[in-house]
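First comes the structure, then the notes that go with it.
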Amino acid sequence: MAEEAAVRAQAETVRRLKQDKADPDEIAKEVAKLLDMKAQLGADEGKQKFVLKTPKGTRDFGPKEMAIRERAFKAIISCFKRHGAEVIDTPVFELKETLTGKYGEDSKLIYDLKDQGGELLSLRYDLTVPFARYLAMNKITNIKRYHIAKVYRRDNPAMTRGRYREFYQCDFDIAGQFDPMIPDAECLKIVHEILSDLQLGDFVIKVNDRRILDGMFAVCGVPDSKFRSICSSVDKLDKVAWEEVRSEMVGEKGLSPEAADRIGEYVQLHGGLELIERLLQDPKLSQNKLAKEGLGDMKLLFEYLTLFGITGKISFDLSLARGLDYYTGVIFEAVLLQQENEHVEEPVSVGSVAGGGRYDGLVGMFDPKGRKVPCVGVSIGIERIFSILEQRLEASEEKIRTTETQVLVASAQKKLLEERLKLISELWDAGIKAEMLYKKNPKLLNQLQYCEDTGIPLVAIVGEQELKDGVVKLRIVATREEV
């Protein structure tokens, strides 16, 4: 009890010093003393209780999950490299002002850090804004890069659907002044290649253009000041019905019912080249300069996508809005389709697994002279892809190897540890992935069982006879053949 009283007294001293605004060094000294006393008390009690859990919206990845994850990363990286991308990395936190004002309504999801050493910092929310900062800071006007790293969002997590507070993004971007729609088409081709390669099932890539959206809002009578907030309502159309979106626009965002109904006529349209041609003839839209530009580029994009042979999976969709503020032109989103059962005509969407678009103004925001660097890019939603692969592997009961060991060095009799160590060292030096059991005299049966359990394909056996003959017996685990 005496110790607890002493801790309370010390806490009172600290409180009094803080109240009297005493010398910071003195306060720090007394706080250190208090912490020390508390630690002593905790150690004496010996029953300190820890809550063992990962923070909300995060998860651990064990060897099995990491094996699946590495497989997916490998497919994605090899695609990025096939398209000639270089790789960069940026810090996990940025100056808070770098991130402020770039994400529209999502800005409230940015994690701010405590002031450390006079800089206000935030954890990065995506990889696009840091990329734009990197271009402006290094005066780069031309680069094709990929970046795979963790980003942070103070979101309400939905772990089962692959929505976390800490997660990986895989980004590919092309920066530079080029002829219209050629890089944009390549970004869509990349999404198509990756989703086909990962064999996630049927998918569709929805495409739209910010200029078509803005032009459509203008001809439907949406005031300029409401463009962005109406845009984020339209963006919800993939999750909720038009009626709900309409009532949000009219009820919460104060749009006139007539304007909402006019928007409704457009945003429920989707198709391909024939829809683009039809809208180019639309009496209202064709009068709007922005919409006309957007539709002209969309037509060009579809011509290139036809040459790439991927239009079968592309849908020009007027409801696609993507909530981020920095998009200026083409926007796209890849959605997985799930056939719930054979009787359903319309496939059900499982959610977005990739998205991106053109953002020509973002780099200019950081450049002191406002120099613009046009950019277009795509981000692969690896977490959602990953949860699908994980579920699929669980269902198939396929055994996943968590190591790449090629050979186990084993011994047939006792007292052969030195020989095993000599042999395994030779194998390692030759670049061969090898393991051995950490026992002086393991039983041969246990060593073979270890190979069965971990999927190691070969065993190199040293025994007295082999040593006399100067050979090693190589055994194939699966077929038990020996050489």
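The values are calculated or read from the model by the stated rules, or taken from the named source; none is laboratory data. Small disclaimer: the values here were computed from a predicted structure and weren't measured. No Cβ is skipped: glycine too gets one built from the backbone with ideal geometry, and neighbour counts run over all protein chains shown. Surface areas here come from the heavy atoms of the whole protein model, side chains and all, with no ligands, DNA or RNA. Shrake-Rupley method; radii C 1.70, N 1.55, O 1.52, S 1.80 Å.
Here is how the numbers come out for the structure above:
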read-out: Environment charge at Gly294 (Cβ cut-off 9 Å; Lys +1, Arg +1, Asp -1, Glu -1); value: -1
read-out: Greater than 18 Å apart at Cα, pairs in Lys415/Lys439; Lys81/Lys144; Lys236/Lys284; Lys206/Lys239; Lys189/Lys299; Lys189/Lys313; value: Lys236/Lys284
read-out: Extension gain from Ala39 to Arg371, taking 0.36 nm per residue of separation minus the Cα-Cα distance; value: 113.9 nm
read-out: Formal net charge of residues neighbouring Ile310 (Cβ-Cβ distance under 12 Å; K, R +1; D, E -1); value: 0
read-out: Distance (nanometres) between label positions extended 7 Å along Cα→Cβ at Lys21 and Asp282; value: 6.3
read-out: For region 119-176, the fraction of alpha-carbon pairs in successive 10 Å shells from zero, as %; value: 20, 43, 28, 9, 0
read-out: By accessible area with a 1.4 Å probe, ligands and nucleic acids excluded, highest first: order of Leu444, Leu416, Leu120; value: Leu120, Leu444, Leu416
read-out: Whichever aspartates and glutamates have a C-alpha closer than 20 Å to that of Lys473, once near sequence neighbours (fewer than 8 apart) are set aside; value: Glu418, Glu419, Glu426, Asp429, Glu435, Glu452, Glu464, Glu481, Glu482
read-out: Distance cut-off 34 Å, percentage of C-alpha pairs in the chain lying past it; value: 54
read-out: Cross-link table Lys96/Lys369; Lys150/Lys369; Lys289/Lys372, entries beyond 25 Å C-alpha to C-alpha; value: Lys150/Lys369
read-out: Residues in region 81-106 that a label on Glu119 would reach, taking backbone N under 14 Å of a point 7 Å out along Cα→Cβ; value: 90-99
read-out: Solvent exposure, largest accessible area first (probe 1.4 Å, DNA, RNA and ligands not counted), of His83, His270; value: His270, His83
read-out: Spacing of the two label points (7 Å from each Cα toward its C-beta) at Thr306 and Val240, in nm; value: 3.9
read-out: FRET efficiency estimate (nearest 0.05) - Cβ-Cβ, Lys399 to Asp429, R0 41 angstrom; value: 0.85
read-out: Contour excess over end-to-end distance, with Cα ends at Leu109 and Gln199 and 0.36 nm allotted per residue; value: 29.2 nm
read-out: Under Karplus coefficients 6.51, -1.76 and 1.60, residue-wise ³J(HN,Hα) of region 212-221 in Hz, glycine/proline x; value: 5, 4, 4, x, 4, 4, 4, 6, 8, x
read-out: Accessible area of Val222 in the full protein assembly, 1.4 Å probe (Å², nearest 10); value: 10
read-out: Rg/Rg_globular for region 1-41, with Rg_globular taken as 2.2 N^0.38 Å and Rg from C-alpha atoms; value: 1.14
read-out: Residue-normalised accessible area of the chain, given per residue in Å² at a 1.4 Å probe; value: 55
read-out: Sites Asn156 and Glu97 - FRET efficiency at Förster radius 35 Å, r taken between beta-carbons, to 0.05; value: 0.85
read-out: Principal axis dimensions, largest first and in whole angstrom, of region 407-476 by Cα; value: 30, 27, 21
read-out: From phi via Karplus (6.51, -1.76, 1.60), per-residue ³J(HN,Hα) for region 280-286 in Hz, x at Gly/Pro; value: 5, 8, 4, x, 7, 4, 5
read-out: Convex hull volume per residue in cubic angstrom - Cα atoms of region 79-123; value: 113
read-out: Carbon/sulfur fraction of accessible area - the chain, other protein chains in place, 1.4 Å, %; value: 52
read-out: Within the chain, longest stretch free of exposed chymotrypsin sites (Phe, Trp or Tyr not before Pro) [DSSP loop, at most 16 other beta carbons within 10 Å]; value: 179-437
read-out: Neighbourhood charge, 11 Å Cβ-Cβ cut-off, centred on Gln413 and excluding it, Lys, Arg +1 and Asp, Glu -1; value: 0
read-out: Gain on full stretching of the segment that runs from Lys415 to Lys468 - 0.36 nm per residue minus C-alpha separation; value: 17.6 nm
read-out: P(r), alpha carbons of region 153-309 - 5 Å bins starting at zero, rounded %; value: 1, 7, 14, 16, 17, 17, 14, 10, 3, 0
read-out: Helical contribution to [θ] at 222 nm, DSSP H n ≥ 4, -39,500 (n - 2.57), averaged over the chain, rounded to 500; value: -13000 deg cm²/dmol
